[in-house]
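Each remark here refers to the structure printed beneath this line.
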Amino acid sequence: MSRQAIFEASLRYFLEPIGPLLDDDSVTEIMVNGFDDIYIERRGKLEHTDRQFASEDALLSAVHNVAQWVGREIHEELPVLDARLPDGSRVHAIIPPSARGGTYLTIRKFARETLTLDDMLRFGTLSLAAKEFVEICVRLHKNILISGGTGSGKTSLLGAMTRAIPEEERIVVIEDTSELRLIQKHCLYLEAQHGDSAGRGVLNVRQLFVNSLRMRPDRIIVGEVRSGEALDLVQSMISGHAGSLSTVHANNAHDALVRLETLSLMSDVQIPIHVARAQVASAINLIVQIARFSEDGSRKITRITEAFGLDVNNQYRTRDLFKSRLVGKTPEGLLRAELEPTGEKPTFASEPYEQALDDRIEYTTALWSK
């Protein structure tokens, strides 16, 4: 029996109380708030379950089993674990004393099938015109930031948007924990390593990013910008690596830019605030805002916003190119929204014609200029 098979068998044993939830494709997230308090997310909504582990020790043993498989440690001095199950599902655990209510375990399940923009169009996440616009912007090598809250679908949208990247490009994907699966063949995946309790073996996202620049990438995809790697990403965008895509936690386009600016200042490179702001303003072309609606659990793009430099007061200049409005509900009770152009044109309105992409324009003619 292979090591992989042994681990999968032992994992099944330790996680047996939530085994049916792991097998249920309609469940996207499993949240263990204690050995006898388990929630799930299904179709965007939270549900409490009657499932439970036998005891706190049984739950803790399951966490240690996962940690052993990925070669990491979790104990009182190192109480946090980020790992991945054999099927790619992402695992996060926190144990006492940091977790005051007992061991907390969260599993974001790995989607068996990667969503496409066509899937999202069918789900009502975006409109036909917005889909076409985003695909053209990806091919134009615009730097795009996907913004949204936790669980809003940022990573799924990022993965769907990468399908617009031409097959002939060399792509480097950098993530803290690998989730993305691209359809292109020439794609390299880099994953951060957290190291042991002595700090050995650490390789963070920022270090991976610096190394990726030496790998001759046509595109760099960063799963999520969380810290000082933001400065490296921004500087690469304005120095020859256009077409990058990433995600960030923020509630709107302006906050997304400010967040990126703040994260840039967390780098060990000391730069003035006005320099960080100027670089972010030069780097980012589009912010795609996505949100999850708790009423029905749906995810929808609420705005597509262009960022175009700073004004005389050193504030970010933005304009909404697409804006969503709720227009009612379906017979099934799901929210209906229309994501439509605002009538504004982007500053790069002539580029699709200049780069011979006019054959891709069908629903967004009003957004472009010859």
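Write out, first by first residue and then by second, each pair whose Cβ atoms fall under 8 Å of each other, whose residues are 6+ apart or on separate chains, and whose first residue, in segment 248-271, is free of Cβ contacts under 8 Å to residues at least 40 places away in the same chain while the second is in a helix (DSSP H, G or I) and surrounded by fewer than 16 Cβ atoms within 10 Å (Cβ to Cβ).
E261/I273; L265/I273
Looking only at segment 291-307, filter to residues that are of a type in the set (D, E, K, R) and over 24 Å from V27 (Cβ atoms); which one of those is farthest from the chain's Cα centre (by Cα)?
E306
Quickly run through segment 74-92 and pick out the residues that are outside any loop (DSSP other than H, G, I, E, B) and of a type in the set (G, A, S).
A83
Hey, can you tell me all the residues within segment 202-229 that are among the basic types (K, R) and surrounded by 15 or more Cβ atoms within 10 Å (Cβ to Cβ)?
Across segment 202-229, the qualifying residues are R206, R219, R226.
Quick one: which of S267, S239 is touching a helix residue (DSSP H, G or I) at 6+ places or on another chain (Cβ under 6 Å) and more than 19 Å from T318 (Cα to Cα)?
S267
Just to be sure I understand, how many residues within segment 241-250 are at pLDDT 95 or above, outside any strand (DSSP E or B) and out of contact with any strand residue (DSSP E or B) (no Cβ under 7 Å at 6 or more places or on another chain)?
Of the residues in that region, 0 qualify.
Among the residues of segment 251-280, which ones are in a loop (DSSP other than H, G, I, E, B) and either among the hydrophobic types (A, V, I, L, M, F, W, C) or not assigned by TED's automatic domain parsing to the domain that holds L157 (or both)?
Hits for segment 251-280 are L265, M266, V269, I271.
Does any residue of segment 120-128 turn out to be out of contact with any helix residue (DSSP H, G or I) (no Cβ under 6 Å at 6 or more places or on another chain), among the hydrophobic types (A, V, I, L, M, F, W, C) and more than 13 Å from V288 (Cβ to Cβ)?
Yes; the residues of segment 120-128 include at least one that is out of contact with any helix residue (DSSP H, G or I) (no Cβ under 6 Å at 6 or more places or on another chain), among the hydrophobic types (A, V, I, L, M, F, W, C) and more than 13 Å from V288 (Cβ to Cβ).
Check A99, A130, A83 and return the single one that is outside the structural domain of D358 (by TED's automatic domain parsing) and surrounded by 17 or more Cβ atoms within 10 Å (Cβ to Cβ).
A83
Could you tell me which numbered condition F110 fails, if it satisfies all but one of (1) surrounded by 15 or more Cβ atoms within 10 Å (Cβ to Cβ); (2) closer than 30 Å to R360 by Cα; (3) hydrophobic (A, V, I, L, M, F, W, C)?
If we test F110 against (1) surrounded by 15 or more Cβ atoms within 10 Å (Cβ to Cβ); (2) closer than 30 Å to R360 by Cα; (3) hydrophobic (A, V, I, L, M, F, W, C), just (2) comes out false.
For segment 327-348, does any single residue satisfy the condition of being exposed (fewer than 15 other Cβ atoms within 10 Å of the Cβ) and under 17 Å from I144 (Cα atoms)?
There is at least one residue in segment 327-348 that is exposed (fewer than 15 other Cβ atoms within 10 Å of the Cβ) and under 17 Å from I144 (Cα atoms).
List pairs: first residue in segment 328-349 and at pLDDT below 85, second residue not aromatic (F, W, Y) anywhere in the structure, Cβ distance under 7 angstrom, at least six positions apart or on different chains.
What qualifies is T330/R336; G333/D296; L334/D296; L334/S298.
Which of the strands (runs of 3 or more DSSP E) found entirely inside segment 119-218 contain at least 2 residues meeting this: farther than 22 Å from R299 by Cα and either in contact with a strand residue (DSSP E or B) (Cβ under 9 Å, 6 or more places away or on another chain) or not hydroxyl-bearing (S, T, Y) (or both)?
Here the list reads 171-175, 187-191.
Which numbered condition in (1) under 23 Å from E135 (Cα atoms); (2) buried (at least 21 other Cβ atoms within 10 Å of the Cβ) is the only one that R170 fails?
Tallying (1) under 23 Å from E135 (Cα atoms); (2) buried (at least 21 other Cβ atoms within 10 Å of the Cβ), R170 fails exactly one: (2).
Tell me which residues, restricted to segment 93-108, are assigned to a strand (DSSP E or B), of a type outside the set (G, A, S) and either in contact (Cβ under 8 Å) with a residue 40 or more places away in the chain or touching a Leu at 6+ places or on another chain (Cβ under 7 Å) (or both).
Y104, L105, T106, I107, R108
Given (1) under 21 Å from T364 (Cβ atoms); (2) surrounded by fewer than 17 Cβ atoms within 10 Å (Cβ to Cβ); (3) in contact (Cβ under 8 Å) with a residue 60 or more places away in the chain; (4) not small (G, A, S), where does C137 come up short, assuming only one miss?
Condition (2) is where C137 drops out.
The values are calculated or read from the model by the stated rules, or taken from the named source; none is laboratory data. Because the structure is a prediction, the values reported are computed rather than measured. Using ideal geometry, Cβ is built from the backbone for each residue, glycine included, and neighbour counts are taken over all protein chains shown.
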